[in-house]
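The values are calculated or read from the model by the stated rules, or taken from the named source; none is laboratory data. The model shown is predicted, which means the values in this text are computed figures rather than measured ones. Because the Cβ atoms are built from the backbone with ideal geometry, glycine has one as well, and the counts that use them run over all protein chains shown. Ligands, DNA and RNA are stripped out before the accessible areas are found, and what is left, the full protein with its side chains, is counted by its heavy atoms. Shrake-Rupley method; radii C 1.70, N 1.55, O 1.52, S 1.80 Å.
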Amino acid sequence: MNFIPVILWSDALVFLLLAVSIAALCYVRRHEHLLLPWRRVAKSRVAMGSLLVLSLFLLVGGLDTLHYRVALNGHYSPEVLSVFDKLAEPLRLQTEKTYSAPLAMTLYAMESTTDANGRVVRSYPRLKYGGVALTSSAQRNGDISRRATLGALAGLFIAVLVLLRVKRGALAIVIITVLIGTTVSLSFAYHVLGTDKVGQDVLYLSLKSIRTGLIIGTVTTLVTLPLALFLGVAAGYFRGWVDDVIQYVYTVLSSIPSVLLIAAAVLMMQVTIDTHPGWFATSAARADLRLVFLCLILGMTSWTGLCRLLRGETLKLRELEYIQAAQSFGVSSMRILSRHILPNVMHIVLIALVMDFSGLVLAEAVLSYVGVGVDPSMISFGTMINGARLEMAREPMVWWSLAAAFSFMLVLVLAANLFADAVRDAHDPRLNRT
Amino acid sequence: MYCASARTPAACKITPPYNIRMIAYLIRRLLYALPILIGVNLLTFALFFVVNTPDDMARMQLGVKRVTPEAIVLWKQQHGYDKPLMINHAAAGAKQFTNTIFWQKSASMFVLDFGYSDDGRNISREIVTRMGPSLSIALPTFLAGLVIYVSFALLMTLFRATALDIAGVTLCVMLMSISGLFYIIGGQFLIGKLWHLVPVSGYGGGGFKFVVLPVVIGIIGGIGSSSRWYRAIFLEEIGRDYVRTARAKGLSELQVLFIHVLKNAMIPILTGVVVVIPLLFMGSLLTESFFGIPGLGSYTIDAINAQDFSVVRAMVFLGSLLYIAGLILTDISYTLVDPRVRLS
């Protein structure tokens, strides 16, 4: 099959972020004093467990970031796919007509059909893909438990294989592999988390949402970091009018309630995008640019807090003896900043970045609800919740989309919070360790 | 006390009485707020009128495709956007500056004249009528929340490093990892639909049964992050020397906590709390829109969905105005609780 790789704007930024992280990693590995706090993180069982969960999320998000377009007799398909889409192809393509409950074999709503005798019968129609191998609903429970057991055993087997090499965290590894094994095994024959209004598999939607959440949480730091670092350190070190100007800028920006500033900026971006439809080759490119803009705007509103912290810390640092010694030796300001100040504020930057991540993931859902989040065509936790919210009033209730979105978000954010706490504790110089 | 640190005896004599210094301090703070408001005003003006021209806005409102130039001109005329942005070369004298979009749409907000929304209503009047419902939800949430969060944090501090504290912190981390939308949707479903205790949504003139659910959900939604924050503040205070002194003179742990620690933690607590008090007028976007409360929060959401830029602009300005008022209030509250803070 012919295909052409596509690099969307957000993909490029993710690759950039990846390159920066790898460079940072190499740097830290070569310096023992920087490695020390990370060794403390590695000793924490909670941190390692949450890192395991986070890396699974990162794996899904990463696979979903490698995009391509398939060649169709001469030109390329307008549909932008990702490697993850290819791997989860059955989930993506096996769409039902409308809602169906998790592990169901029939649709959620009754429909009128004419039977062999020409009479109109109201019944629950069978699904096209969910549980098609079964002949009657009596077999369903047996089939589900058989598949679940098989999957769990396969997961257990993989866990044993992994544990032969890795000696720690047996419980976490077993839980995760068994869970994944069961889900994968069941998803061959059922919609494990049901289907949504247009019949799309909710499990697939939830997994696709991960990338959006991760991008909002990470790419935003690409904007926050340089602004906050550069301006905060400059304001604290140079004082005088530089300090006044920078303080003025961040006071103005932070005095506008962030939701309103984001709303205003996103509305304006929408107008620009709508009046220039010719800019985008595919609808995915348009949705993607909107996502990048959202990250940009979130970054513009969230750098002020970190900037203030860095300014305060630099104010303290510049009075210390070693900085004054450097100044009296005639070391240039740029060199003092980069060699003496910057390394000594990096722990604040790191702590702020990991702490911000979970807040940004949660903010995405809220912003999408308000109507200033990601493009409605982009799959995200926010759009999932927004779409499912209106179905709350139905009887019996359609709960699975909401439950899936909230649970995935909870796991992601909880893991991120726990990991961030461990990183903060390990890097906080105020904690007394003896 | 102030004299002791002054360099010369002369500086002592000219120190004016407290209330005069307070007034001078207030005036200085207010003057300091003015440039920030001007900055906000210029920023919103740039965002709403320079990034996209009024023509773009008109096209957006009238539907992007198949818009005649006449319709755009008419729309701009009806909404008062048919003027130059900053300087009107056609006019003479002061009119060069006053007969412009900047003057009439942006600068006018300084005298709280927010103009008219796209459906022709007076935004200022709308704001005044909608503040009440917003406050009736936000104020109880704020006050009850503050008491509950601080008590919970004090409880965790009292039992610090025990199983109870660890359980409390774990609970907090769990609660703060859950999306705010979940609390609202889950609460509406459980209490409103399943148990039929109170109406799912509506305002009904501010009756108790309409207000109680959003307030309770608002409090629960904030427990995780707020209690953890207060706990961190209390733990930081409890490691200080004055606490050791208090214990050494034989005070019980409860006395230490409630009399000494709580009092000394006032400054960090006030920093986070006082600044949001004026913003309570704005209400909460999510709560109000889910519960159908006719406050400023739902007004903003409706404006965002209808792409009514004049209302969004007004809200941005009002929000920052209230935030700056909060900052000034915070500074005043410092001088009230901490005698070490000087009015200079």
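Just checking, does segment B:269-282 include any residue being in the same structural domain as residue B:192 (by TED's automatic domain parsing), part of a helix (DSSP H, G or I), open to solvent by 60 Å² or more (accessible area, probe 1.4 Å) and at pLDDT 90 or above?
Initially, segment B:269-282 is screened for residues in the same structural domain as residue B:192 (by TED's automatic domain parsing), giving B:269-282.
Within this subset, residues satisfying the condition of being part of a helix (DSSP H, G or I) are B:269-276, B:278-282.
Retained after the next criterion (residues that are open to solvent by 60 Å² or more (accessible area, probe 1.4 Å)): B:271, B:281.
After this cut, where a residue has to be at pLDDT 90 or above as well, the list is none.
No, that holds for no residue.
Of the set (1) open to solvent by 70 Å² or more (accessible area, probe 1.4 Å); (2) charged (D, E, K, R); (3) in contact (Cβ under 8 Å) with a residue 12 or more places away in the chain; (4) assigned to a helix (DSSP H, G or I), all apply to residue A:79 but (4). Of all the criteria given as (1) without any contact (Cβ under 8 Å) to a residue 40 or more places away in the chain; (2) part of a loop (DSSP other than H, G, I, E, B); (3) touching a Ser or Thr at 6+ places or on another chain (Cβ under 9 Å), the one not satisfied by residue B:120 is (3). Checked against (1) within 14 Å of chain B (Cβ to nearest Cβ); (2) at pLDDT 85 or above; (3) open to solvent by less than 10 Å² (accessible area, probe 1.4 Å), residue A:257 meets all criteria but (3).
Taken together, the residues in segment A:353-382 that are of a type in the set (Ser, Thr, Tyr) and away from chain B (no Cβ under 12 Å) amount to 2.
Condition check ((1) closer than 21 Å to residue A:212 by Cβ; (2) in a helix (DSSP H, G or I); (3) open to solvent by 30 Å² or more (accessible area, probe 1.4 Å)) across all residues:
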residue: A:296; (1), (2), (3): yes, yes, yes
residue: A:304; (1), (2), (3): no, yes, no
residue: A:366; (1), (2), (3): yes, yes, yes
residue: A:373; (1), (2), (3): yes, no, no
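For segment A:21-38, residues that are part of a helix (DSSP H, G or I), over 16 Å from residue A:422 (Cα atoms) and over 18 Å from the mean Cα position of the chain (by Cα) total 10. For segment A:16-37, the tally of residues that are open to solvent by 60 Å² or more (accessible area, probe 1.4 Å) and either closer than 17 Å to residue A:415 by Cα or β-branched (Val, Ile, Thr) (or both) stands at 2.
The set of residues in segment A:214-233 that are more than 30 Å from residue A:408 (Cβ to Cβ) and among the β-branched types (Val, Ile, Thr) contains only A:233.
Which members of segment B:228-286 meet the condition of being of a type in the set (A, V, I, L, M, F, W, C) and more than 25 Å from the chain's Cα centre (by Cα)?
First, the residues of segment B:228-286 that are of a type in the set (A, V, I, L, M, F, W, C): B:229, B:232-235, B:238, B:243, B:246, B:248, B:251, B:254, B:256-259, B:261-262, B:265-267, B:269-270, B:273-277, B:279-282, B:285-286.
Scanning segment B:228-286 gives B:235, B:238, B:243, B:246, B:248, B:251, B:254, B:256, B:257, B:258, B:259, B:261.
Does residue B:43 satisfy the condition of being modelled with pLDDT of 80 or more and open to solvent by 80 Å² or more (accessible area, probe 1.4 Å)? Lay out the reasoning, then the answer.
Numbers: modelled with pLDDT of 80 or more: yes; open to solvent by 80 Å² or more (accessible area, probe 1.4 Å): no.
So residue B:43 fails the test.
In segment A:39-76, of all residues being among the basic types (Lys, Arg) and assigned to a helix (DSSP H, G or I), the one that is surrounded by the most Cβ atoms within 10 Å (Cβ to Cβ) corresponds to A:40.
Kindly provide the set of residues from segment B:144-176 that are surrounded by 13 or more Cβ atoms within 10 Å (Cβ to Cβ), within 28 Å of residue B:281 (Cα to Cα) and not aromatic (Phe, Trp, Tyr), ordered by number. Within segment B:144-176, B:144, B:145, B:146, B:148, B:150, B:153, B:172, B:175, B:176 qualify.
Does segment A:322-333 contain any residue that is under 30 Å from the mean Cα position of the chain (by Cα), on the phi < 0 side of the Ramachandran plot and more than 10 Å from chain B (Cβ to nearest Cβ)? Give the derivation first.
First, pick out the residues of segment A:322-333 that are under 30 Å from the mean Cα position of the chain (by Cα): none.
No - not one qualifying residue is present in segment A:322-333.
Would you confirm whether any residue within segment B:98-105 is assigned by TED's automatic domain parsing to the domain that holds residue B:313, among the β-branched types (Val, Ile, Thr) and in a helix (DSSP H, G or I)?
Filtering segment B:98-105 down to residues assigned by TED's automatic domain parsing to the domain that holds residue B:313 leaves none.
Within segment B:98-105 (the criterion being assigned by TED's automatic domain parsing to the domain that holds residue B:313, among the β-branched types (Val, Ile, Thr) and in a helix (DSSP H, G or I)), the answer is no, since none of the residues qualifies.
I'm trying to understand the selection: among the residues of segment A:185-238, which are modelled with pLDDT of 90 or more, closer than 25 Å to residue A:96 by Cβ and of a type in the set (Val, Ile, Thr)? Selection gives A:202, A:210, A:212. Within segment B:131-142, residues that are modelled with pLDDT under 90 have Cβ atoms under 6 Å from residues that are open to solvent by less than 20 Å² (accessible area, probe 1.4 Å) and among the basic types (Lys, Arg) in no pair, counting only partners at least 6 apart in sequence or on another chain.
Considering the conditions (1) within 30 Å of residue B:296 (Cα to Cα); (2) within 12 Å of chain B (Cβ to nearest Cβ), residue A:296 is excluded by exactly one of them, (2).
Being β-branched (Val, Ile, Thr) and within 14 Å of chain A (Cβ to nearest Cβ) is true for just one of B:271, B:245. Which residue is that?
On the way: B:245 fails: within 14 Å of chain A (Cβ to nearest Cβ).
The unique qualifying residue is B:271.
Quick one: in segment A:389-411, of everything that is crowded, with 19+ Cβ neighbours inside 10 Å and at the interface with another protein chain (Cβ under 9 Å from one of its Cβ atoms), which residue is modelled with the lowest pLDDT? First the steps, then the outcome.
Filtering segment A:389-411 down to residues crowded, with 19+ Cβ neighbours inside 10 Å leaves A:398, A:400-402, A:404-406, A:408-409.
Retained after the next criterion (residues that are at the interface with another protein chain (Cβ under 9 Å from one of its Cβ atoms)): A:402, A:405-406, A:409.
On the way: A:402: 89, A:405: 92, A:406: 93, A:409: 94.
Taking the candidates together, the pick is A:402.
Per the conditions (1) in contact (Cβ under 8 Å) with a residue 12 or more places away in the chain; (2) under 23 Å from residue A:367 (Cβ atoms); (3) within 11 Å of another protein chain (Cβ to nearest Cβ); (4) open to solvent by less than 40 Å² (accessible area, probe 1.4 Å), the sole criterion not satisfied by residue B:324 is (2).
Consider segment B:283-297. How many of its residues are open to solvent by 10 Å² or more (accessible area, probe 1.4 Å), in a helix (DSSP H, G or I) and more than 10 Å from chain A (Cβ to nearest Cβ)? Spell out how you get there, then give the answer.
Going residue by residue through segment B:283-297, those that are open to solvent by 10 Å² or more (accessible area, probe 1.4 Å) are B:283-287, B:289-290, B:292, B:294.
Narrowing the set further to residues that are in a helix (DSSP H, G or I) leaves B:285-287, B:289-290.
From the residues that got through so far, the ones that are more than 10 Å from chain A (Cβ to nearest Cβ) too are B:287.
Looking only at that region, the number is 1.
Within segment B:309-321, the set of residues being within 15 Å of residue B:48 (Cβ to Cβ) and either charged (D, E, K, R) or open to solvent by 40 Å² or more (accessible area, probe 1.4 Å) (or both) comprises just one member, B:313.
Scanning segment B:143-196 for residues that are in contact (Cβ under 8 Å) with a residue 60 or more places away in the chain and either under 25 Å from residue A:387 (Cα atoms) or outside any helix (DSSP H, G or I) (or both) yields B:160, B:180, B:181, B:184, B:185, B:188. Only a single item in (1) surrounded by 18 or more Cβ atoms within 10 Å (Cβ to Cβ); (2) within 9 Å of chain B (Cβ to nearest Cβ); (3) assigned to a helix (DSSP H, G or I); (4) of a type outside the set (D, E, K, R) is not met by residue A:349, and it is number (2). Residues in segment B:304-317 that are facing chain A (nearest Cβ under 9 Å) and under 16 Å from residue B:128 (Cβ atoms): 2 in all.
Could you tell me whether segment B:299-308 includes any residue that is free of Cβ contacts under 8 Å to residues at least 60 places away in the same chain, farther than 21 Å from residue A:363 by Cβ and open to solvent by less than 50 Å² (accessible area, probe 1.4 Å)? Scanning segment B:299-308, I find no residue that is free of Cβ contacts under 8 Å to residues at least 60 places away in the same chain, farther than 21 Å from residue A:363 by Cβ and open to solvent by less than 50 Å² (accessible area, probe 1.4 Å), so the answer is no.
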